[in-house]
1. So in region 279-290, with the set limited to residues that are farther than 21 Å from Cys214 by Cβ and modelled with pLDDT of 85 or more, which one is most open to solvent (accessible area, probe 1.4 Å)?
2. Here is a check on your reading of the model: is Gly146 in a loop (DSSP other than H, G, I, E, B), touching a residue at least 40 places away in the same chain (Cβ under 8 Å) and under 23 Å from the mean Cα position of the chain (by Cα)?
3. State whether one or more residues within region 177-184 are in contact (Cβ under 8 Å) with a residue 40 or more places away in the chain, assigned to a helix (DSSP H, G or I) and closer than 17 Å to Ile486 by Cβ.
4. Out of all the residues in region 165-188, which are in contact with a helix residue (DSSP H, G or I) (Cβ under 8 Å, 6 or more places away or on another chain) and aliphatic (A, V, I, L, M)?
5. Can you confirm whether Tyr207 is open to solvent by 50 Å² or more (accessible area, probe 1.4 Å), under 29 Å from Cys394 (Cα atoms) and at pLDDT 80 or above?
6. Checking the condition open to solvent by less than 60 Å² (accessible area, probe 1.4 Å) and among the β-branched types (Val, Ile, Thr), which residue from Val305, Val276 passes?
Amino acid sequence: MTYDSLLESVGSFGIYQKKLFAIFFVNGIPNALLLTSIVFLHYMPEHQCTVDHLIPNNISRNSTLFQEISAVIGYRRSVENTSNSCLMYNVSQQAVELMLYQGVANFTEGVKVLHRNASLLAVPCQRGHSYDKNGFVQSAMMEFNGVCEQAWYKPFISSLYLAGMGFAALSGVLSDKFGRRPVFLFFTCLQFVVTFFTSFANEIRVYGACIFLCGLTQMVNYMAAFVLGTECTTPEYRNFISVSSFYSFSLGYMIGPLISYLIPNWRWMMRFNGLVGLLYIPMYWLIPESPRWLLAKGKIREAKVILQKIAKDNGQLDKMDAGAMELISKETVVKADENNKSLSTLRGLLELARNPKMMVIVVVIEIAWCATAVVYFGLSLSAQNLNGNLFMNCFLLGVLEIPGVIAAYIAVRYFSRPKSHAFFMFLAGVCCLVAALLKSVNGNATLAASLLGKAANSGVYYLVYIHSAEIAPTVSRNSLMCIGSIAGRIGSVIAPYFVYMVELYGFFAPFLALSAVTLTSACLTLLFLPETRLQPLPDTVQDTLRLKTICQKIVCGRWQKQTDVKTAPA
């Protein structure tokens, strides 16, 4: 009796699994809160050099006169019709008072004359920066002055967060050694603790380390929950787990802007996100260990207790005992099977490397993972640079993930894998191209294109998981998915620098680059990845190579037509 047939006997998708999936659905929401928090943590409004100390105290800080003088001295409204928020005029308070004594109109003229005579030079900010308060968000980047010479803070620390998510792939080793439940519970607890203590960071290095740990713990939590969920049911229901995890993340993505709007101070926002963890304390008693992991480790007694619990909740207790006893009697067979699987994985990876055709498929898959991640996080982190309200933009970017995943789910059920995969990538690439071309013409059109691109790219994220798993041979499926995930993390680490380029040079070049990457990947996917719909999962590399690609079908079709012409009677 196999493990899947044992689950069938105790109930593969009964009340027990539905309760477990509901718990994991709720568990996924805080993971998205952290991603949307990055958008608001690194929000940067209009700014200029702080010049308050140069303006006489008898001028009200809220007056129009104060704003006028501040804008001129702070080089935000330059007398030479240029502006630079990182510079200020090198002027003394006495000079300002003297020019004010002569009148407001003469103040601007005096500054202009001194500037032209080279008596007044523009110098870097002397006492930090002042920020526009109209955005109502007090972000970490504002507090740590991540502007001008320190402008690299923003993309670098955003990349640290996404790099932490990449390092989470190593947690699979911990999960295999110590169990799914301990790893899940430990990193869930650590996730909320680190999030809470991030709010007390007093300098940029501590803040960056905390953000890295936030990304790491969030992704370990997600991966451990996903694996635990899949191992508690049979293959036909695992697609449901994939879809529900995307919906959970999207829901958290939509809630994030609301929390940031209600709690605009970054320190209190992170404290709130950390304190949410108190609601998850009951998971200690609600989350079981994976029966599959227990059986693989030879812990038959513990596995039997959990299987009996599953059977009882699902009303299948009478069918469970015989199956469990049969499995217990074959304990050594189960262990041997697990060991053989590990060895065959190593052999499978070597076989992938030896076969040129398979290596082409692997490279195309990795490009698809990387391109998908670059566009997803590039669009997610660009909310501030789009037209309209920051909070609403972020909310809409989360809402539109849901129809994107639904459309991809329908495509998986009814249409060709490579065509569906390439179509969604192509749509995302075209939307990035439209956003690049129309930003200077119509900002609302750019917003609409970005939102549609995010929806399409969310569908790609779902499709790339499904298509990659169906292409990979059984002997190396887990390893190939891991490599794909690493490629995706490389793409995600690069993404903040695309956003940084948008802020420096505008939409055109960065979004044109995103479009080129995605459209190239779409073409490669369509031409070189095989059709897997309604096909049995391949067990070996040779099984994968027997699956036909669009290129092979075109070549074979032309060859067949030529053969038919030659053999046709005269």
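1. Trp285
2. Spelling it out, Gly146 is indeed in a loop (DSSP other than H, G, I, E, B), touching a residue at least 40 places away in the same chain (Cβ under 8 Å) and under 23 Å from the mean Cα position of the chain (by Cα).
3. no
4. Met165, Ala168, Ala169, Leu174, Val183, Leu185
5. no
6. Val276
The values are calculated or read from the model by the stated rules, or taken from the named source; none is laboratory data. Bear in mind that the values here come from a model prediction, so they are computed numbers and not experimental data. Every residue, glycine among them, receives a Cβ derived from its backbone with ideal geometry; neighbour counts consider all protein chains shown. For accessibility, only protein heavy atoms count, side chains too; no ligands or nucleic acids. Shrake-Rupley method; radii C 1.70, N 1.55, O 1.52, S 1.80 Å.
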